[in-house]
Amino acid sequence: MVAGNSVHSLFDLTGRVAVITGSGGLLGLKHAEAIAEMGGLPVLVDISQQRCVDAGQEIKARYGYEALSIVADITQPQAVADILAQTLTTFGRVDILINNAANNPKVENGDLAGHWSRLEQFPLAIWEQDLAVGLTGAFLCSQVIGAEMARRGRGVILNIASDLAVIAPDQRIYRQPGLEDGQQPVKPVSYSVIKHGLIGLTRYLATYWADRGVRVNALSPGGVYNDQEPEFVQRLTNLIPMGRMAQQDEYKAAVVFLVSDASSYMTGANLIIDGGRTCW
Ligand SMILES: NC(=O)c1ccc[n+]([C@@H]2O[C@H](COP(=O)([O-])OP(=O)(O)OC[C@H]3O[C@@H](n4cnc5c(N)ncnc54)[C@H](O)[C@@H]3O)[C@@H](O)[C@H]2O)c1
């Protein structure tokens with residue numbers, strides 16, 4: 001029970017073990033930092049060994065804490081079972097799961113260049129690969145790690161969705177000069193489907209485990225500024241009432257709220273933090 005606790009203590013994560021998928025990426029590392037800063041023990045999971053190593057070094061440098069790093073492909077059931085096993089062997093418990101990993105093609109890396117992303121020719125292989133990471137991976141991690149939480153009668157799952165979990169992408173912002181309409185890059189259909197699907201997964205799991213002490217919520221962040229080209233930033237920020245993209249650190253406090261006892265009466269919800277974009 002958390003009633004009567006001080007507000008400070010409700011946000012405290014001392015000793016809480018948090019598995020974070022995709023923690024070698026842009027936001028995954030921020031989630032890990034937020035947890036470490038509040039005394040929690042992040043378990044860094046990423047398919048990329050290098051990203052895992054880099055994230056571990058970052059956490060060590062900032063918080064002096066040697067995080068458990070697990071290189072794993074969350075689309076593989078055995079790999080997910082191994083994540084749980086290694087976590088329990090090391091800590092004997094798991095309190096938090098953040099389903100964060102996704103294929104997230106980045107404008108700033110030119111990932112959308114070319115017209116492969118258009119619906120008419122969107123490759124089935126990419127559709128399947130995207131769903132495998134963003135939805136199947138979240139399902140498998142929830143199934144395996146959530147079941148352990150339910151067995152223990154306590155835990156929190158946080159699904160990282162997107163503003164594109166509640167609105168359609170405005171494809172005009174991805175346009176490149178000099179290309180015909182049929183050649184213009186777009187935000188892939190798989191991204192929208194996965195993010196909307198995560199909201200469904202959130203509600204399903206929240207009600208499924210409501211009586212087992214496992215809370216399940218989603219966080220829907222808006223776009224994070226990461227040196228995207230100014231034309232893109234201008235087009236996107238025109239859609240955002242606050243007139244800017246998010247800074248990389250601006251979701252950390254919300255993550256702590258959602259995975260800590262501060263949100264003890266919250267489950268099945270989707271917290272949208274998007275500078276107001278979805279109001280417009
Ligand atoms: N960056 C943004 O502007 C933004 C905005 C809204 C929502 N989001 C969401 O936040 C989450 C993180 O985004 P990001 O920008 O940090 O992405 P990112 O691409 O920087 O990081 C994703 C990480 O997931 C890892 N990964 C990919 N496939 C994996 C697999 N099969 N198993 C384990 N790890 C795997 C990658 O190696 C990578 O390190 C995503 O769900 C994304 O959709 C991001």
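When the expected Rg is taken as 2.2 N^0.38 Å, what fraction or multiple of it is the alpha-carbon Rg of the stretch 153-207?
That ratio works out to 1.58.
So what is log10(I(q)/I(0)) for the stretch 1-94 at q = 0.10, 0.21, 0.23, 0.24 1/Å, when the Debye sum runs over its Cα atoms only?
Log-scaled intensity ratios, in q order: -0.27, -0.98, -1.12, -1.19.
Along its three principal axes, how long is the stretch 180-223 when you only count alpha carbons? Whole Å, largest extent first please.
Cα extents, longest axis first: 54, 18, 7 Å.
State, to one decimal in nm², a quarter of the convex hull surface area for the C-alpha atoms of the stretch 33-175, i.e. the direction-averaged projected area.
Directional mean of the projected Cα hull area for the stretch 33-175 stands at 10.3 nm².
Under 13 Å from the Cβ of residue 230, count the other residues' Cβ atoms, weight Lys and Arg +1, Asp and Glu -1, and hand me the total.
Every neighbour counted, the sum reads -2.
Give me the angle, in degrees from 0 to 90, between the Cα long axis of helix 26-37 and the longest principal axis of the Cα atoms of the chain, rounded to the nearest 10.
20 degrees
Compute the long axis of helix 49-63 from its Cα atoms, compare it with the longest principal axis of the Cα atoms of the chain, and write down the angle in degrees, 0 to 90, nearest 10.
Here the helix axis deviates by roughly 60 degrees.
Show me, bin by bin at 10 Å from 0, the whole-percent P(r) of the chain based on Cα pairs.
7, 29, 36, 21, 6, 1, 0
Counting only pairs 8 or more residues apart or on different chains, how many lysine pairs in the chain have their Cα atoms under 19 Å apart?
7
Considering amide H positions built from the backbone, and no H for Pro or chain starts, which residues 5 or more places from residue 270, or on another chain, come under 5 Å of its amide H?
Close amide H contacts, sequence-distant or interchain: 218.
Compute the orientation-averaged projected area for the stretch 96-243 from the convex hull of its Cα atoms and round it to one decimal in nm².
9.6 nm²
Show that you can apply the helix-only estimate: for the chain, add -39,500 (n - 2.57) for every DSSP H stretch of four or more residues, divide by all residues, and state [θ] at 222 nm to the nearest 500.
That comes out to -11000 deg cm²/dmol.
What are the extents of the Cα atoms of the stretch 217-280 along their three principal axes, in Å, largest first?
Here the Cα extents, ordered largest to smallest, are 41, 23, 14 Å.
No lab work stands behind these numbers, since they all come straight from the coordinates. Everything numeric here is computed off the predicted structure, so don't read it as measured data. Positions of Cβ are backbone-derived with ideal geometry, glycine not excepted, and every protein chain shown enters the neighbour counts.
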